[in-house]
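None of the figures in this text is laboratory data; all of them are computed from the coordinates on show. On a predicted model such as this, the values are computed, not experimentally measured, just so you know. All Cβ positions, glycine included, derive from the backbone under ideal geometry; neighbour counts span all protein chains shown.
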Amino acid sequence: MKRYTFMVVIAASAAVAGWLLAHRGASPDVNATAEGKGRVLYWYDPMRPEQHFDKPGKSPFMDMQLVPMTADEAGGHQEGTISIDPRMVQNLGFRTAPVERGTLAQEARATGSVMANESRIEVVQSRAAGWVERLHVRKVGDPVRKGQLLAEVYSPDLLTAQQELLLALRSASEHPDAGSLVEASRYRLSFLGMSDTQIAQIQEYGHAQRRVAFYSPINGVVTQLGVREGARVSPGMNLFNLVDLSTVWVTAEITEAQAAWIANGQPAELRFPALPGRVFKGSVDYVYPELMAETRTLKARIVLDNPRLELKPEMYATVTVSGGAKREALLIPSEALIRTGTRSAVIIAGGEGHFRPADVTVGDEADGKVEIRSGLQENQQVVASGQFLIDSEANLRGALGRLMPPGNEPPAGDDKTTPGKRR
């Protein structure tokens, strides 16, 4: 009896030991399977999902933390796709638009700025040494009228030249052959800056002017004041810089892609933030011969009448230049395009709450439509409103992943080095 009981105990112990060993041996495989599903395949930038990195860190493109892509996520949907509950999509009011073919007029939109018409700039200079005894215009920005007295200058050289003219006139009255001396004296006064009217007054009144007056040659404003009352002036010194703002230039910076068809005479519409609701019409007056290396843009000049002086130098403008006949192109709404400054992208709607960012190459833009030259196909759907909510969803998922405890998802590194890029 005792022998039988002992054999039963041995058999039971062996069975328990065998069960434990069997399950212990199976455990690593089960765990490996579970861990395999959560294994990180690579890290990516939610806005550049096509670029893969082999370690966490900050994206070199957008300066944001990279997001891990795990095996189960990669197997569930197309690479780079963001999945959002369709009910949430409906509640948030995402709007999509088709990629379709249509006609597009050649139209260039550019930023511009107002500047003075360089052909309407005048400089008032002294051609003789002297001193400013009276200054009648004292501030930059003061308006002036043509013929307005600006300053009175005492110049010994001018006074001497006037006296020489008076002597020549008296000599000519006594000796008719002294007429050449009069002409030489008149020429010297003209060379020193006196006008024909001022010289005629000297001859008429028969005496020299101690102070020589300087008058404004145009209607305009003072942009630079080079002297003060009592100051000494020298030959060639600028006393006043004046500009007539009754017409102004607007220089628009046209992108390199549109530079080929910009030409003189093309109609342009201009809008100014400082004058909301107003539309100014003009035409391209001149296309500059060189591309600006820093911005890769071409400058085009438009001349605008400015009778009420509403347009001030350095004002910003939005310029639209029309360039010709319509042509067929692949189009999306302008609002569907995401411009980051270094690239252009769209969010492709794949249906059932799946969204995927894609880089695109764009062309001309007009009437709320933008031309797509590469990156999309006809009949695809793109998100026309709510793109940044989708971007926020992608970033939020990356942030939540980084908040998971160690062992679930590797946290993005805090180092500032650029993560290794996978090919």
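Observations
- Sorted by Cβ neighbour density within 10 Å, fewest at the top, the residues Glu174, Glu183: Glu174, Glu183
- Once the Cα gyration tensor of region 297-342 is diagonalised, semi-axes √(5λ) in Å: 30, 17, 11
- Förster radius 56 Å - calculated FRET efficiency between Val140 and Arg95, Cβ distance, rounded to 0.05: 0.60
- Taking the square roots of five times each eigenvalue of the Cα gyration tensor of region 259-361, the equivalent ellipsoid has semi-axes of 34, 18, 15 Å, listed largest first.
- Distance between modelled label sites at Glu352 and Ala257, nm, 7 Å Cα→Cβ extension: 3.4
- Residue separation of Ser344 and Asp196 scaled by 0.36 nm, minus their Cα-Cα distance, works out to 46.9 nm of gained length.
- Rounded to whole numbers, the Karplus 3J(HN,Hα) couplings from phi for region 294-301 are 5, 10, 6, 10, 10, 8, 10, 10 Hz, using 6.51 cos²θ - 1.76 cosθ + 1.60 with θ = phi - 60°, and x at Gly and Pro.
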